[in-house]
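The values are calculated or read from the model by the stated rules, or taken from the named source; none is laboratory data. Being a predicted model, the structure only gives us computed values, none of them experimental. Because the Cβ atoms are built from the backbone with ideal geometry, glycine has one as well, and the counts that use them run over all protein chains shown.
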Amino acid sequence: MPPTLLDPIRQRYACRRFAADHAISPDELALLLEAGRLAPSAFGLEPWRFVAVDTAQREAVARACYDQPAVTSAAALVAIVALGTVLDPDSDYVRARFEAEARGGDTAPVYEAYRAIYRADSIAAWAQGQCHFAAAHMLLQAAHMGLDSCPIGGFDADALTTALALPAGETPALLIALGHCGDPAPERLRKPLD
Ligand SMILES: Cc1cc2nc3c(=O)[nH]c(=O)nc-3n(C[C@H](O)[C@H](O)[C@H](O)COP(=O)(O)O)c2cc1C
């Protein structure tokens with residue numbers, strides 16, 4: 001049997017209510033963020049920022065997520081924020097990423113390809129899609145460490161932007177609620193492979 005990641009994939013489920021008194025340690029948080037950092041992204045642009053929600057932000061963040069129990073009861077919350085305006089092909093951010101990706105080689109081909117797909121009016125949605133790869137890495141790393149989680153996409157984007165004090169041009173893509181689940185794991189419901 002070749003090595004697989006199926007154990008954490010099978011263990012992970014969306015926890016809707018976390019048990020109290022289970023903190024996430026700084027070391028655990030650092031591993032989750034590292035898993036997100038190593039996620040793939042189109043053009044290697046890493047169009048994200050990870051925000052560990054602090055205590056002062058918790059209440060407003062929960063309200064922006066309609067006070068979903070998974071959010072109000074979580075031991076920790078990580079917001080994955082999509083970059084926007086810095087993804088303009090002429091930005092310093094894009095130049096730095098493309099130079100790094102080219103590893104000393106010619107950046108002209110990647111610029112040409114990126115300019116062909118870049119649309120200012122849809123770049124935020126494009127970046128949010130990339131953010132979901134980072135989220136998946138974090139969710140599986142959490143399961144691998146014995147932590148429970150819930151991806152939270154149900155939020156008022158404007159309210160969450162304000163709660164996280166995001167600068168202009170950044171939009172929230174997903175929130176990850178973390179902790180130890182207060183309920184037993186439910187049966188996984190999936191369509192059959194065929
Ligand atoms: C992008 C995304 C957004 C989600 N948003 C929410 C949410 O706001 N609230 C919630 O309780 N679950 C949310 N979920 C969890 C899904 O409902 C859950 O993954 C799905 O029902 C399958 O269940 P499982 O993850 O336990 O296998 C979200 C999942 C994803 C991938």
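Some observations on this one:
- Region 144-194: number of residues that are under 12 Å from residue 14 (Cα atoms) and without any contact (Cβ under 8 Å) to a residue 12 or more places away in the chain: 3
- Here the condition is being within 16 Å of residue 172 (Cβ to Cβ) and surrounded by fewer than 12 Cβ atoms within 10 Å (Cβ to Cβ); of 121, 54, 21, 92, it holds for 54 alone.
- When residue 36 is tested against (1) assigned to a loop (DSSP other than H, G, I, E, B); (2) surrounded by 18 or more Cβ atoms within 10 Å (Cβ to Cβ), only condition (1) is not met.
- Taken together, 21, 67 contain a single residue that is at pLDDT below 95 and on the phi > 0 side of the Ramachandran plot, which is 21.
- Within region 133-164, the residues that satisfy the criterion of being over 14 Å from the mean Cα position of the chain (by Cα) and assigned to a helix (DSSP H, G or I) are 143, 144, 157, 158, 159, 160, 161, 162, 163.
- Qualifying residue in region 167-185 (condition: of a type in the set (S, T, N, Q) and closer than 14 Å to residue 48 by Cα): yes
- Scope region 72-117; condition hydroxyl-bearing (Ser, Thr, Tyr) and more than 26 Å from residue 51 (Cα to Cα); matching residues: 107, 111, 114
- Restricting region 136-158 to residues that are closer than 22 Å to residue 47 by Cβ and more than 14 Å from the ligand (Cβ to nearest atom), the residue that is surrounded by the fewest Cβ atoms within 10 Å (Cβ to Cβ) is 158.
- Residue that is surrounded by the fewest Cβ atoms within 10 Å (Cβ to Cβ) [pool: residues in region 63-81 that are within 13 Å of the ligand (Cβ to nearest atom) and farther than 17 Å from residue 139 by Cα]: 67
- When residue 7 is tested against (1) under 17 Å from residue 83 (Cα atoms); (2) within 16 Å of the ligand (Cβ to nearest atom), exactly one condition is not met: (1).
- Among the residues of region 168-185, not one is under 10 Å from residue 77 (Cα atoms) and surrounded by fewer than 21 Cβ atoms within 10 Å (Cβ to Cβ).
- Residues (of a type in the set (Phe, Trp, Tyr), away from the ligand (no atom under 15 Å from the Cβ) and in contact with a Ser or Thr (Cβ under 7 Å, 6 or more places away or on another chain)) located in region 116-135: none
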